[in-house]
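See structure below.
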Amino acid sequence: SYGIGVSRAVAAIAESTHDELGLAWPREIAPADVHLVATGKDAAVFEYAAGLADELVSAGLTVLYDDRPKVSPGVKFKDAELLGMPTIVTVGRGLADGTVELRDRASGERTEVPVAEAAARVLAAVRG
């Protein structure tokens, strides 16, 4: 018997939506809405990122938060691309300038967002 089950459907979607960097899940079936990546060694980055993650979860989003302190930013970015959540938010060097980076995984489009508007802009990108 040949049937289309969940595992075959997921495999077909992964096959049709991946690129050279990894998976790029469609928002409707992605395991999480947002992949939040905290980079660097500054405690303020991790504190702000944790607060942003809590705020997004409180707003109803599913957030995958990469808070590994001893992993290099390059590894974290590569992992984010491989996992393929539709929206990737990076909190890092830009925090000192008052910005975080918002990235669309499928298109690769990057936007610097003011810290004060970060949660609202992420919500707009996800629900938009």
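Take the Cβ atoms of Val75 and Arg27, set R0 to 22 Å, and the FRET efficiency comes out at 0.30.
Taking a point 7 Å from the Cα of Ile4 along the Cα-to-Cβ direction, none of the residues of the range 85-127 has its backbone N closer than 18 Å to it.
Projected onto their three principal axes, the Cα atoms of the chain cover extents of 58, 29, 23 Å, largest first.
Binning the alpha carbon pair distances of the range 78-122 at 10 angstrom intervals from zero yields the distribution 29, 52, 18, expressed in whole percent. A Förster distance of 22 Å, applied to the separation of the beta-carbon atoms of Arg93 and Glu55, puts the FRET efficiency at 0.55. Accessible surface computed residue by residue for the chain, with neighbouring protein chains in place and a 1.4 Å probe, gives 57 Å² per residue.
Free of any GluC sites (Glu not before Pro) that DSSP assigns to a loop and that have at most 11 other C-beta atoms within 10 Å, the longest stretch within the chain is 29-108.
Considering only DSSP states other than H, G, I, E and B, which trypsin sites (Lys or Arg not before Pro) in the range 73-128 qualify as loop sites with at most 13 other Cβ atoms within 10 Å?
none
Here the accessible area is traced with a 1.4 Å probe on the protein chains. For the range 22-70, carbon and sulfur cover 55 percent of it.
The values are calculated or read from the model by the stated rules, or taken from the named source; none is laboratory data. Note that the coordinates shown come from a computational prediction; the quantities given were computed from them, not determined experimentally. Positions of Cβ are backbone-derived with ideal geometry, glycine not excepted, and every protein chain shown enters the neighbour counts. What goes into the accessible areas is simple: the full protein's heavy atoms, side chains included, and nothing from ligands, DNA or RNA. Shrake-Rupley method; radii C 1.70, N 1.55, O 1.52, S 1.80 Å.
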